Each structure stands twice: as structure tokens, then as C-alpha cells.
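Take a look at the structure below.
The values are calculated or read from the model by the stated rules, or taken from the named source; none is laboratory data. Source: prediction; values computed, not measured. Virtual Cβ from ideal backbone geometry, glycine too; neighbours counted across all protein chains shown. Surface areas here come from the heavy atoms of the whole protein model, side chains and all, with no ligands, DNA or RNA. Shrake-Rupley method; radii C 1.70, N 1.55, O 1.52, S 1.80 Å.
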Amino acid sequence: MDFALSDEQQRLVETARKFTRERIIPVAQKLDEHGTFPIDICKEGWELGLMNAEVPTEYGGLGLSCTDHVLMMEEINYGCAGIGTTLLGNNLAAMPLILAGTEEQKKRYLGALTEAPVFAAYACSEPDAGSDVAGMRANARKVGDEYVLNGQKRWITNGGYASWYTTFARIGDPKDRHKGITCFVLPRDTPGVSVGKKENKLGQRASNTTDVLFEDVKLTRANLVGAEGEGFKIAMKTFDRSRPWIAAGATGIMRRALDESRRYALERKAFGQPIAQFQAVQFMLAEMAMKYEATRLLMLKAAWSIAQGKLDAIESSYAKAFGADSAMAVATDAVQIFGGYGYTKDYPVEKLMRDAKLLQIYEGTSQIQRMVIARNLLAQAG
């Protein structure tokens, strides 16, 4: 067991930290306030290798391990979780292809991400099927050797800027639940594909979130990812791989909240002394630090397991659920330490609290993670 970073990992962290300090933090508040998509920052991040981190080297990517990736994403999310989510969007869209795509699909779609600073999106959730993936209504009707795709996807990160989508639809009877769900990849300019409304969100406002609509979209077997009916399995394996990334977002938010709170507690005076001298504030800071350290360990354990080729749903869910809930608690405590000032936009902690909330919702709510954990625990009972 060795928690020391390699020289390469240390350089990666330093690069991401410098980029966050110089390019993200100075503009994060303004981007959040106006809901502005950080396209220039993303282009610079692409040039530095901060996008498409886990795309294999044979398709032009860096081929980083999940461990490398989460170390980098903690630094980005320290500056802004909305930008962090934007940069992660391509990796999420790419993962089904990395896991189950054909060689031709990988060369075409993954290669497009590494040849130019473009975006892709993972289109899974629907208006009535978020956590209940098996309840999706999008359908792909077979017509000979082709498919006709119809449906509406919601909460799609980078949906309005993506040049291609990985998406899911069912073939056959909706009563079959997960058995008929199938994965597809398709360019945005495919006839019948359109982008719906942009969501006006509570937090992570720099991230672009839209509907994606499919109306009589004609696809061929070249668009099929994996076999028919394997889409649910591909989606679940993708989430197993991506949940440590959410834990990385949590660690970034928590470390920023702790740094801001510690600095403020040492400067702010009440009753003739810095509030850091009061035990009530000290205990809050200690709890914040413990939650950060515990989440980081869970994140690294899950990422290490993935890097070893051991996809384990329960470890990813541990990291995601504990990290998301801890980030919300830590950010809320940060606002409390700042008092009335924390409730204003003059300080960054109110944004941290708004950004943290989404971690408990997307890519499987904290309640869904507990269901995954419990199911795995009970399966081990024998």
C-alpha cells in the first residue's frame, strides 16, 4: 500500500492546479452568475490534456488511469464544479465506446475528440426515467437491418455543444424493462436530431444542460454499440467507471470549502478574538477535514480498483454516495462559518453549496447508491 504520487502524477496535479488557479478561479463566479458555457477554458484545457483523459493512446488520448484522472479532477473542481462537469462530459460519452465499441467507432468518435477541441454527450436520462434507467421510453424500431430512433432525453451535460452522442433506447416491448435497452452512437447532424431547452439550474451553472430530441432518426448497425439488448449493462458499467469522478468533484469542493473557511475563521473577529478560537468553529472545521480525507480515500480505492481492471459497483457507490453527501454537509457548514457573509455572492462558499447539491442527484442519486450497496451486501450474505 503506497499513497505517494508518482512523478508523472505529481506533474499532472501541478498542471491542473496551476490551470485552476490562473484560468478557472478568476472567472468562475461570473460564469456561474450568467450561466456562461466555458468554451475558451475548455479549449485551453484540451490543449493541456485536461479533457478526454481516459481515451486510449491509440486513438490520440492520454490513456490515463482512473486514478490519474480523479487526481486531476479534484484540482479542477476546486476551482469550479460546473467547469469540472463540462470537462468530464467527453469522458462520460466516450466510456460506452471504450467498453463496448467497435474499432471503427473508436477511431471515428474517440479520434474526433482528440483531433480537435470538440464536445460529446452521454444521453441516457429522460423526463420520466432518471434513476430508473430501465423505465426509459425512447425506442428504436427495427426496419429491416436499420433502426428508427424516437425519444426525448433530459439533463444532458454538454447537450447543446456536443458533436456526437452516445444514447440508449429500447428495442421491443417496454414490459421487458432493461432486457431490450440498446446503446447507440450517432453524430449530432444526423437528420431528426435536435437540441431542446437549456436548463436554468441552481448550481453548476457554467455546465450546459439541455434536452436532446430524436424524431424518426434512421440508424444502421454502424451506430450500434455492443449487441442489441446490452445497453443497460453498458450503461451500468459506465456508471461504475464514472462514479469515482463524482467523488473527485466532491473532494475538490470540500477542499476549497475547508480552505476558504479556515482562512476566514482566522481573520474574522467576534467578541474580541478570531472566531477560529471558538470551539464550536474548531469542531466544524475538524468535521469538514475528516469528511474530505475519508472521501478522498474512498475515491482513490475505487479508482485504484478500476485501474487494476476490477470493476466493482459497490466501491464506486461507496465513493459517490459518501462523497456527495459529505460535500453537501461540508459546503453547508462553510456557509455557516461565514455567517451572513456566506449567504451572499461576495464569497465563494454559497456557490460551493449550490454546486455540491447536484452531486447527490446526477449519475444515480445518493438513495440509488444505497440501493446498489445494499443489493451487493445482501448478495454476499451466502
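The table for this structure:
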item	result
Virtual spin-label span in nm between LEU377 and LYS43, 7 Å along Cα→Cβ	5.0 nm
Accessible area per residue in Å² at 1.4 Å probe, computed on region 253-313	56 Å²
Difference of contour (0.36 nm per residue) and Cα-Cα distance, MET290 to LYS198	29.4 nm
Along principal axes, Cα extents of region 307-382, largest first, whole Å	53, 25, 18
Inter-label distance for GLN277 and LYS107, nm, one decimal - labels placed 7 Å from Cα along Cα-to-Cβ	7.1 nm
Mean Kyte hydropathy of 0.5 or more with a Cα span along the axis of at least 27 Å, helices from DSSP in the chain	81-100, 279-307, 313-338
Aspartates and glutamates with Cα under 12 Å of LYS106, excluding same-chain neighbours fewer than 8 positions away	GLU58
Tensor-based shape of region 58-132 (alpha-carbon gyration tensor, a/c under 1.5 rounded, otherwise prolate or oblate)	oblate
Total charge dipole magnitude, region 249-295, about the Cα centre, Cβ charges on Lys, Arg, Asp, Glu only, Debye to nearest 20	100 debye
Added length on full extension, which subtracts the Cα-Cα distance from 0.36 nm per residue, LEU266 to ASP145	36.8 nm
For region 143-262: span of alpha carbons on each principal axis (Å, largest first)	64, 28, 26
Semi-axes of the equivalent ellipsoid for the chain, Cα gyration tensor, largest first, Å	36, 21, 20
Alpha-carbon centroids, region 192-243 and region 260-330: separation in whole Å	31 Å
Spacing of the two label points (7 Å from each Cα toward its C-beta) at HIS34 and ARG221, in nm	5.0 nm
Subset of LYS142/LYS198; LYS198/LYS351; LYS43/LYS197; LYS30/LYS291 violating a 26 Å alpha-carbon distance limit	LYS142/LYS198; LYS30/LYS291
Share antiparallel - DSSP beta bridges, region 78-164, percent rounded to 5	75 percent
